[in-house]
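Peer 1: Pasting a structure here, questions to come.
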Amino acid sequence: EPEVTQTPSHQVTQMGQEVILRCVPISNHLYFYWYRQILGQKVEFLVSFYNNEISEKSEIFDDQFSVERPDGSNFTLKIRSTKLEDSAMYFCASSYEGGQAFFGQGTRLTVV
Amino acid sequence: DAKTTQPPSMDCAEGRAANLPCNHSTISGNEYVYWYRQIHSQGPQYIIHGLKNNETNEMASLIITEDRKSSTLILPHATLRDTAVYYCIPNAGGTSYGKLTFGQGTILTVHP
């Protein structure tokens with residue numbers, strides 16, 4: 001069964017450093033998303049990406065964040081200068097049509 | 001986004017049916033009801049969705065009231081592996097970019 005894969009599964013970084021979280025969505029999907037979940041809290045939408053551009057973003061997705069689909073298969077989330085409060089699980093998801101999304105297993109980002 | 005109300009927790013005996021309710025009285029006419037679950041910090045998993053007719057798939061059944069203000073997810077024979085947080089999420093599906101707004105959900109505990 002096709003699945004969304006995310007790498008790495010765990011990333012530890014120092015405050016102020018840049019991180020790139022990587023995702024390989026399901027190949028024929030058209031919509032791509034990043035969500036995050038701070039420990040013990042709700043899953044929160046960050047950004048959606050369609051037709052090679054951001055279609056919607058939340059208030060969390062400020063100038064520190066960017067997304068890219070550099071080569072038609074990978075989908076990346078970059079955090080330019082990490083803060084302690086960026087520590088969370090980050091989930092990538094993809095869908096063929098909006099609503100029925102398939103999620104990856106997540107990258108646990110720890111900022112120290 | 002339509003607001004949802006779900007009980008914070010429910011218990012179910014293994015092998016019995018689990019019936020998870022959700023109120024979504026402000027749902028729009030074009031919004032489907034999607035159900036997802038999250039097993040212990042894994043990525044959310046799609047279960048089922050419907051617009052106004054009842055739906056069934058290999059995982060679950062979905063009963064939507066005629067006025068569409070509430071729905072019930074039914075796991076017909078719950079197993080220990082069904083222990084998870086269950087979310088009902090109104091979403092316009094293929095007519096939207098698919099941003100999912102997760103609430104607190106219902107923690108379902110299946111016990112032997």
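Peer 1: Would you work out which of B:S71, B:S25, B:I107 lies farthest towards the positive end of the dipole of chain B? Charges go on Cβ: Lys and Arg +1, Asp and Glu -1.
Peer 2: Sorting the options by dipole projection puts first B:S25.
Peer 1: Then there's this: Distance from the Cα centre of the stretch B:23-72 to that of the stretch A:77-101, in angstrom?
Peer 2: So the two Cα centres are separated by 23 Å.
Peer 1: Projected onto the charge dipole of chain A (+1 at Lys/Arg Cβ, -1 at Asp/Glu Cβ, origin at the Cα centre), which of A:P2, A:Q17, A:N52 gives the Cα projection farthest towards the positive end?
Peer 2: A:Q17
Peer 1: Right, something else. What are the lysines whose alpha-carbon lies under 28 Å from the alpha-carbon of B:K3, with same-chain residues fewer than 8 places away excluded?
Peer 2: List returned: A:K42, A:K57, B:K52, B:K69, B:K99.
Peer 1: Still on this structure, please answer the following. Which three semi-axes in whole Å describe the equivalent ellipsoid of the protein assembly as shown, each the square root of 5 times a Cα gyration tensor eigenvalue, listed largest first? Please list the in-between numbers first.
Peer 2: Numbers: eigenvalues 184, 78, 48 Å².
Three semi-axes, in Å: 30, 20, 16.
Peer 1: Please work through the protein assembly as shown and write down the cysteines that have no neighbouring cysteine Cβ at a distance under 4.7 Å.
Peer 2: B:C12
Peer 1: Scan chain A and report its longest stretch carrying no GluC sites (Glu not before Pro) that are both in a DSSP loop and have at most 15 other Cβ atoms within 10 Å.
Peer 2: That would be A:19-58.
Peer 1: Now, a different point. For the stretch B:16-103, state which GluC sites (Glu not before Pro) are in a DSSP loop and have at most 12 other beta carbons lying within 10 Å of their beta carbon.
Peer 2: When the GluC sites (Glu not before Pro) of the stretch B:16-103 are filtered for loop state and at most 12 Cβ neighbours within 10 Å, B:E58, B:E66 remain.
Peer 1: How many nm is it between the label spots at A:K83 and B:I39, if each spot is 7 Å from the Cα in line with the beta carbon?
Peer 2: Distance between label points: 3.6 nm.
Peer 1: For chain A, with only Lys/Arg (+1) and Asp/Glu (-1) charged at the beta-carbon, what is the dipole magnitude about the Cα centre, in debye rounded to 20? Mind showing how you got there, number by number?
Peer 2: Numbers: 9 positive and 14 negative charges, 58 e Å.
Dipole magnitude for chain A comes out near 280 debye.
Peer 1: Taking the DSSP beta bridges in chain A as the whole, what percent of them are antiparallel, to the nearest 5?
Peer 2: 90
Peer 1: Per 0.36 nm of contour for each residue apart, how much would the distance between A:K42 and A:D63 grow if the chain were fully extended, relative to their Cα-Cα spacing? Provide the component values of the computation, followed by the final result.
Peer 2: On the way: separation 21, 0.36 × 21 = 7.56 nm, distance 2.24 nm.
My answer for the length gained is 5.3 nm.
Peer 1: Where in chain B lies the longest segment free of trypsin sites (Lys or Arg not before Pro) that are both loop residues by DSSP (not H, G, I, E, B) and have at most 14 other Cβ atoms within 10 Å? Show your work: numbers first, answer last.
Peer 2: Numbers: sites that count: B:K3, B:R16, B:K52, B:K69.
No qualifying site falls inside B:70-112, the longest such stretch.
Every read-out reported here was derived from the displayed coordinates using simple, explicitly stated rules and does not represent laboratory data. Computed from a predicted model, the values in this text were never measured in an experiment. FYI the Cβ positions are ideal-geometry reconstructions off the backbone, even for glycines, and counts take in every protein chain you see.
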